[in-house]
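> Starting off with a structure, shown below.
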Amino acid sequence: MIGIADANNKWAKYAKPGGWNDPDMLQVGNGGMRESEYRVHFSLWAIMKAPLLIGCDLSAASDETMSILSNEEVVAVNQDPLGVQARKVHLSNNSLLEVWSGPLSEGRQVVALVNRSQRSKNVTASWEAIGLNPVQPMHARDLWKNATMDSAISGKLRARVASHGVRLFVIWPVADA
């Protein structure tokens, strides 16, 4: 699954409304991956604006699978009207830690922090890496926790990411900055 995302990243500049890159149907719920890996899979397909074709038997889907597939905030990123595919913008720790980012409508940005390593790690997205003004304070919402951070952040977004896991955020500028 992650190799398909890597390959699809190469074609990001061609994706746009009316012409989407299709990395194949979702494997969420089909077995062979942990819940954290299914979240990575669904998150990457969502930010790549891929068609979210469910590939599992919904009549036999677990609550865990249904929770992933029905996360309205993650689906909303996929369906954002701007229609720009996110790209891998930063790698660290021998390419095991990744930052994916892309613009959304209304001046928002999606940021995915991905950990391919065997251990929980801190992953950092600098504003410069994702194309933002380094002094612009931003609000951040964690889409898997369905929670907005209590205070604005500046210069970078840093989060602890589980092994083979993802943290997915939407960030937007503080209005009065």
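> Lys and Arg at +1, Asp and Glu at -1: add these up for the other residues within a Cβ distance under 11 Å of residue 71 and post the number. Working shown, then result.
Numbers: positive: 39, 145; negative: 72, 73.
Once positives and negatives cancel, what remains is 0.
> Once the cut-off is 24 Å, how many percent of the Cα-Cα pairs in the stretch 43-175 end up in the long-distance tail?
28
> Would you mind calculating the gained length between residue 126 and residue 34 on full extension (0.36 nm times residue separation, minus the Cα-Cα distance), in nm to one decimal? Provide the component values of the computation, followed by the final result.
Numbers: separation 92, 0.36 × 92 = 33.12 nm, distance 2.86 nm.
Contour length minus the Cα-Cα distance gives 30.3 nm.
> Give, in nm to one decimal, the length gained when the segment between residue 95 and residue 66 is fully stretched (0.36 nm per residue of separation minus the Cα-Cα distance). Intermediate values should be presented prior to the final figure.
On the way: separation 29, 0.36 × 29 = 10.44 nm, distance 3.07 nm.
Working it through step by step, the gained length comes to 7.4 nm.
> Can you figure out the FRET efficiency of residue 75 with residue 174, using R₀ = 22 Å and their beta-carbon distance, to the nearest 0.05?
Details: r = 26 Å, r/R0 = 1.19.
Computed FRET efficiency for residue 75 and residue 174 comes out at 0.25.
> Once the other residues with Cβ under 10 Å from the Cβ of residue 160 are scored (Lys, Arg +1; Asp, Glu -1), what is the net sum? Can you show the working numbers first?
Working: positive: 121, 158, 167; negative: none.
Local charge sum for residue 160: +3.
> Right, another one. Would you calculate a helix-derived [θ] at 222 nm for the chain, using -39,500 (n - 2.57) for each DSSP H run of n ≥ 4 and dividing by the full residue count, to the nearest 500? Don't skip to the end; give the middle numbers.
Details: 4 runs with 35 residues, N = 177.
Rounded to the nearest 500, it is -5500 deg cm²/dmol.
> Once phi is turned into ³J(HN,Hα) by the Karplus curve 6.51 cos²θ - 1.76 cosθ + 1.60 with θ = phi - 60°, what whole-Hz value does each residue of the stretch 28-39 show in order, with x for glycine and proline?
4, x, 8, x, x, 9, 7, 4, 4, 6, 5, 5
> Moving to a separate point now. Please list, by residue number, everything in the stretch 57-94 whose backbone N is under 20 Å from a paramagnetic label point 7 Å out along Cα→Cβ of residue 22.
57, 78-80, 83-86
> Right, another one. Rounded to two decimals, what is the ratio between the C-alpha radius of gyration of the stretch 108-149 and 2.2 N^0.38 Å? Provide the component values of the computation, followed by the final result.
Values: Rg = 12.0 Å, N = 42, 2.2 N^0.38 = 9.1 Å.
Cα-based Rg divided by the globular estimate yields 1.32.
> Hey, another quick one. Pull up all non-local amide H partners of residue 144: gap of 5 or more, or a different chain, and H-to-H distance under 5 Å with H placed in the peptide plane.
168
> For residue 165, list long-range residues whose amide hydrogen, built 1.01 Å from N in the peptide plane, is under 5 Å from its own amide hydrogen.
115
> Here is a further query. Residue 21's amide H: which non-local residues (gap 5+, or another chain) put their own amide H closer than 5 Å, with H modeled 1.01 Å from N in plane and none for Pro or chain starts?
Excluding prolines and chain starts, which carry no amide H, the hits are 16.
> Please say if the stretch 63-123 is rounded, prolate or oblate, where rounded means a/c under 1.5 for a ≥ b ≥ c the square roots of the C-alpha gyration tensor eigenvalues, and otherwise the choice is prolate for a/b larger than b/c and oblate otherwise? Mind showing how you got there, number by number?
Numbers: a/c = 3.07, a/b = 1.27, b/c = 2.42.
It comes out oblate by the Cα gyration axes.
> Pop out the ³J(HN,Hα) list for the stretch 87-103 in order, Karplus 6.51 cos²θ - 1.76 cosθ + 1.60 with θ = phi - 60°, rounded to Hz; leave Gly and Pro as x.
Ordered by residue, 3J(HN,Hα) equals 10, 6, 10, 7, 10, 8, 6, 6, 6, 8, 10, 10, 10, 10, 7, x, x Hz.
> Further question on the same structure: Considering the chain as a Gaussian network with a 10 Å cut-off on Cα pairs, which listed residue, 87, 167, 119, attains the greatest mean-square fluctuation?
Sorting by GNM fluctuation, first place goes to 119.
> Another question, if that's okay. Quick one: pull the percent of accessible area on the stretch 21-144 belonging to carbon and sulfur, 1.4 Å probe, ligands and nucleic acids left out.
Working: 2690 of 5570 Å².
For the stretch 21-144, the apolar C and S fraction of the accessible surface comes to 48 percent.
> On to the next question. Residue by residue through the stretch 104-119, what is 3J(HN,Hα) from phi via Karplus (6.51 cos²θ - 1.76 cosθ + 1.60, θ = phi - 60°)? Round to whole Hz and write x for glycine and proline.
Each residue of the stretch 104-119 in turn: 10, 5, 6, x, 8, 9, 9, 9, 10, 9, 10, 10, 8, 7, 8, 10 Hz.
The values are calculated or read from the model by the stated rules, or taken from the named source; none is laboratory data. Just so it is clear, the model here is predicted, and its values are computed rather than measured. Quick reminder, even Gly has a Cβ in these numbers, built from the backbone with ideal geometry, and neighbours come from all protein chains shown. What goes into the accessible areas is simple: the full protein's heavy atoms, side chains included, and nothing from ligands, DNA or RNA. Shrake-Rupley method; radii C 1.70, N 1.55, O 1.52, S 1.80 Å.
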